[in-house]
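Down below is the structure, laid out as structure tokens.
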Amino acid sequence: MKNTYWKCLTSALGPTKKLKIDSYFLKDSNGLFCLTTDGIHDFIDIKTFKDYLDLKSSLRTKAKNIIKYSINNLSTDNSSIILLEVM
């Protein structure tokens, strides 16, 4: 079997050197998918997060606004976000 780990978001940080790959299959994959680091999801409540995602703007603008909000809410951790819209 060919190594296809490059296609997966991986967790490679931490005290161990063991790489863990999480993969999931969704029956209905249409919609907006979001991955965040704790520098974001620990510094924004779910309602505010949803409000930003509901705005009529590009994914880039939504992501930038969410990052700005978390930083303005005193996040000092890594603030990374991936937004992916599947149609």
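A few comments on the model shown:
- For the condition at pLDDT below 80 and exposed (fewer than 10 other Cβ atoms within 10 Å of the Cβ), L13 qualifies.
- Which numbered condition L26 fails, given (1) assigned to a loop (DSSP other than H, G, I, E, B); (2) modelled with pLDDT under 95; (3) in contact with a helix residue (DSSP H, G or I) (Cβ under 9 Å, 6 or more places away or on another chain): (3)
- A Cβ distance below 8 Å, combined with a sequence gap of six or more or placement on separate chains, defines the contacts here; from the stretch 72-87, residues that are under 15 Å from F49 (Cα atoms) reach residues that are loosely packed, with under 10 Cβ neighbours inside 10 Å in the pairs I82/L9.
The values are calculated or read from the model by the stated rules, or taken from the named source; none is laboratory data. All values reported here derive from a predicted model rather than from experimental measurement. Here Cβ is always computed from backbone atoms with ideal geometry, including for glycine, and neighbour counts include all displayed protein chains.
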